[in-house]
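Structure first, then comments.
Every read-out reported here was derived from the displayed coordinates using simple, explicitly stated rules and does not represent laboratory data. Bear in mind that the values here come from a model prediction, so they are computed numbers and not experimental data. Note that each Cβ is placed from the backbone with ideal geometry, even for glycine, and that neighbours are counted across all protein chains shown.
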Amino acid sequence: MDSKILVTRSSMPPIEEYIEEIKEMWDSHWLTNMGPKHRGLQEKLEEYLGVEHIDLLTNGHMALELSMQALNLHGEVITTPYTFASTTHAIVRNGLTPVFCDVNPVDFTMDVTKIEELITDKTCAIVSVHVYGNICNIEEIERIAKKYSLKVIYDAAHTFGVRYKGKGIGDFGDVSCFSFHATKVFNSIEGGAVCFHDKEFGEALYNLKNFGIHGPERVEAVGANAKMNEFCAAMGLCNLRHVDEEIAKRKKIVERYRTHLDGTDGIQLNPVQDGVTPNYAYFPAVFDEKEFGSSRNEVFEALAEQGIGARKYFYPITNSFECFHGQYDVNDTPVALHLSKRVLTLPLYADMSLDDVDRICEIILSSKK
Ligand code: T4K
């Protein structure tokens, strides 16, 4: 049993498999700029994720930021603060104004009953997060977006491989953005992808990720550089071969956590969502000090003392970040604020042992007063 356990640990293919995958690059010297590994991964992911079109980028953040730019958005964007910094930063870095909608207290995704009251004549889009792998209320978001002619961007960083009613989660909304960061269910070391339907959007995104270059003597648009390199794409190709197995292992870990923690007074877990094929990306537990006896921070410390690195994803909420000092009011999103002060995401990765889960739960339950 490992004595130190971190919140997650990158999935890695057998080293021989990766070496085999990158070997030919020593002959070709082709390391980036949409080479064969990039093209191969793009094709395989389109199929695996069940999406119409996909483009690969350097990371999940650039997927979000450049998608918003490619959609040519202006004005206000309705979003949630209960997320990683990236979601809000992508909005702000596009010169857009985030308007924070609260999350629902059950699965912590956007509270769709609060969206319409936030819409103004400046609203251009909804940027909603499938947080922890829990999917948003897609039907309701689509209904509202249609009614007010808003674009829908899903931050799907946590939902690699998730399906809803048999359809790949990346196929919903105008755009869905995945992260393939080292800490994700599927990783390409660093990496990200944008899934979309509209070919014109695809061209605009491509221009942004590759300087608008369409040939050695042809530059069609002003763009940046957000191309996935061949080493990352090769890692993605290898990891994709094992991802179903990895998800199956994660399922066992999550089930074990649930066996110990489900129904414990003062601990709230996310329910299993109807119609969803999950990916077991994260395992959040919300501690109510009044009922549990110990606070989230006390449980965090008890675990840390035993070498267990749970994390407070997502504390602080993004509308309380120092960089936004005075701009937003956290009291506009009381549920997100409440959760952020009580949540712990417990260690979860495919190769974690069930003994480790037992040990973690024992520490948690013995801190109950
Ligand atoms: N939207 C959402 C909702 C997101 O959650 C994220 C990223 C994004 C957008 C943006 O996607 P990217 O641009 O990152 O592709 C981590 C990740 O860096 C970040 O990707 C992720 N969300 C976020 C939730 O978690 P940190 O600052 O907590 O990472 P760090 O370095 O503390 O790592 C956490 C643990 O992971 C470590 O304790 C050990 C393990 N780890 C870490 C690294 C870097 C490994 O096993 N291998 C590694 O290489 O942000």
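Observations on the model:
- Among Cys177, Cys195, Cys323, a tally of other beta-carbon atoms within 10 Å of each Cβ gives an order, fewest to most, of Cys323, Cys195, Cys177.
- Cα-centred dipole magnitude for the stretch 245-327, charges only on beta-carbon of K, R (+1) and D, E (-1), debye, nearest 20: 320
- Filter on Lys37/Lys209; Lys37/Lys249; Lys227/Lys312; Lys44/Lys167; Lys114/Lys146 - keep pairs with C-alpha separation over 22 Å: Lys37/Lys249; Lys227/Lys312
- The value of relative contact order for the stretch 189-323, using C-alpha pairs under 8 Å at least six residues apart, is 13 percent.
- Taking the C-alpha atoms of the chain, convex hull volume expressed per residue in Å³: 140
- Ranking of Lys37, Lys249 by count of other Cβ atoms within 10 Å, fewest first: Lys249, Lys37
- Charge dipole (the stretch 15-238, unit charges on Cβ, about Cα centre) - positive-most of Ser28, Ala226, Asn134: Asn134
- When the charge dipole of the chain is built from unit charges on Cβ atoms (+1 for Lys and Arg, -1 for Asp and Glu) and taken about the Cα centre, the candidate among Ser367, Thr159, Val272 whose Cα reaches farthest toward its positive end is Ser367.
- Length-normalised contact order for the stretch 153-223 - Cα pairs under 8 Å, 6+ apart - percent: 21
- Whole-number percent relative contact order across the stretch 15-238, with pairs defined as alpha carbons under 8 Å at least 6 apart: 27
- Other residues whose C-beta falls under 14 angstrom from the C-beta of Ser295 contribute a net charge of +2, scoring Lys and Arg +1 and Asp and Glu -1.
- Of all aspartates and glutamates in the structure, those lying under 12 Å Cα to Cα from Lys251, and not within fewer than 8 positions of it along the same chain, are Asp351.
- Volume in Å³ per residue [convex hull over Cα atoms, computed for the stretch 182-241]: 105
- DSSP beta bridges confined to the chain are antiparallel in about 60 percent of cases.
- Summing Lys and Arg as +1 and Asp and Glu as -1 over all other residues whose Cβ lies under 11 Å from the Cβ of Thr123 gives a net charge of -1.
- Proxy reagent accessibility, fewest Cβ within 10 Å first, across Glu140, Glu200: Glu200, Glu140
- Cβ-placed point charges (K, R +1; D, E -1), dipole of the chain about Cα centre in debye, nearest 20: 280
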